[in-house]
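First comes the structure, then the notes that go with it.
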Amino acid sequence: MFSKRMEKLSPYVPGEQPQDRKYLKLNTNENPYPPSPQIAEYLRSFDVEELRLYPDPLFSSLREKIAQKFGIDSEQVFIGNGSDEVLSFAFYAFFDGARGPLLFPEFTYSFYPVYCDFYDIAYKKIPLNRDFSINTRGFLDESDSCGLVFANPNAPTGMCLPLEEIERLMAGYPRDKTVIVDEAYIDFGGTSAVDLIGDYPNLLIARTFSKSMCLAGLRLGFAMGEKELIRALFTVKDSFNSYPADRLSLKIGEIALGDEDYYRTVTEKIISARAYLASGLQSLGWRVLPSLANFLFTSKEGIPGRDIYFRLKQEGILVRYFDIEGIKEFVRITIGTKEDMERLLQVILHLF
Ligand SMILES: *Cc1c(COP(=O)(O)O)cnc(C)c1O
């Protein structure tokens, strides 16, 4: 009844989306604010007749908008059904075990090893530095690899590499192997590496509408890189599903990109709530890693992350813990509104 391949699958486990009661959800890095009001306005006047036709398999209109925003050519842009799908296509297109393992940080987005198993790509995890930052030197010290992938800012640490360090890494790494920088959280204070794509034809930047654009439910992501890389992603897409992004999503993506003022305000609020939560936790004696993402990675000496998670859950607050040696003491807390963070700090003050 099942294929041989099924035996090897070990799927990614996303943060829980509970239906049993109303929680303060600080576990999956969703944005606490609604998407641009221009989207609601558009939907009110949406002509359903449009859904009769297939969408544009080249995503031309949205790619053009993204290209304008980032000052690149639309042929340097790819679109997918969430950046998870973009990453999956990219792993298929660029990595194989033949030239050595794919390298990624020991603690990073836990979907990467899942794609590796799915596509039979050998991988090697490179330990983080002692301060939990990504060890780029460690990537360069490996004599053998078929490519590199890391999130910047990294998840679940929230720590961000400066652009100069990414440039040094690119300069030292072979030009014939692809490097993916997953910038799911870059809008919350980091500097994008997108300006390097002209200099490094092996650099692919992955982005999502899920976090800073408040559109996790829409499923829209994109990648930016040299034309040759983008063409390869289209080849993979068109060997799998010609229409991963639908008409409505593509249009909503365009509207979201156009409303820069709204999203600037939302992002500023998140950054300010992050600073508020970080200083609140620190004043209660918690360790907080420096974050440029919309979450904090934090620990309280003597209390395992698992316990913190269960105690907060009883109070109606969901966070995320990782039962993995090396980061067991931490929880990852999504930044919500200022009011959310006030409530969380009150609860923490009482519980711990
Ligand atoms: C959330 C996240 C993604 C996935 O984004 P989607 O567009 O919702 O699929 C990719 N990479 C990292 C590091 C993320 O945290």
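General observations
- The amide H of Asp182, built 1.01 Å from its N in the peptide plane, has Phe150, Ala151, Asn152, Ala206 as neighbours under 5 Å, considering only residues 5 or more places off or on other chains.
- Relative contact order (%) - the stretch 1-94, alpha-carbon pairs under 8 angstrom, separation at least six: 12
- Relative contact order of the chain, pairs being alpha-carbon contacts under 8 Å that are 6 or more residues apart, as %: 22
- Residue among Phe209, Phe295, Phe240 with the largest mean-square fluctuation in a Gaussian network model of the chain, springs linking Cα atoms under 10 Å: Phe240
- Furthest towards positive pole of dipole, Gln17, Leu289, Phe94, structure part the chain, Cβ charges: Gln17
- Taking amide H positions as modeled 1.01 Å from N, with prolines and chain starts lacking one, the residues under 5 Å from Leu102 and 5 or more places away or on another chain are Ala122, Tyr123, Lys124, Cys146.
- Per-residue ³J(HN,Hα) for the stretch 318-328, Karplus 6.51 cos²θ - 1.76 cosθ + 1.60, θ = phi - 60°, Hz, x for Gly and Pro: 9, 10, 10, 10, 10, 7, 10, 3, x, 9, 4
- 15 Å Cα-Cα reach of Lys22 towards aspartates and glutamates, excluding residues that sit fewer than 8 places from it in its own chain: Glu315, Asp340
- Springs join every pair of Cα atoms under 10 Å in this Gaussian network model of the chain, and among Met213, Met170, Met224 the largest mean-square fluctuation is at Met170.
- Karplus-derived HN-Hα couplings along the stretch 329-342 (A = 6.51, B = -1.76, C = 1.60, θ = phi - 60°), whole Hz, x at Gly and Pro: 7, 8, 10, 10, 10, 6, 7, x, 6, 4, 5, 4, 5, 5
- Over all Cα atoms in the chain, the spread is summed up by Rg and Dmax: 20.4, 59 Å.
- Residue-by-residue Karplus 3J(HN,Hα) for the stretch 104-118, coefficients 6.51, -1.76, 1.60, Hz, glycine and proline x: 8, x, 4, 10, 7, 4, 7, 6, 4, x, 5, 4, 4, 5, 4
- Relative exposure of Arg231, Arg332, judged by other C-beta atoms within 10 Å (fewest first): Arg231, Arg332
- Trypsin sites (Lys or Arg not before Pro) restricted to DSSP loop in the stretch 1-74 with at most 14 other C-beta within 10 Å: Arg21, Lys22
- Highest-MSF residue in the chain out of Thr235, Thr108, Thr191 [GNM, Cα springs under 10 Å]: Thr235
No value in this document is a laboratory result; all are computed from the given coordinates. Keep in mind it's a predicted model, so treat the numbers as computed, not measured. Note that each Cβ is placed from the backbone with ideal geometry, even for glycine, and that neighbours are counted across all protein chains shown.
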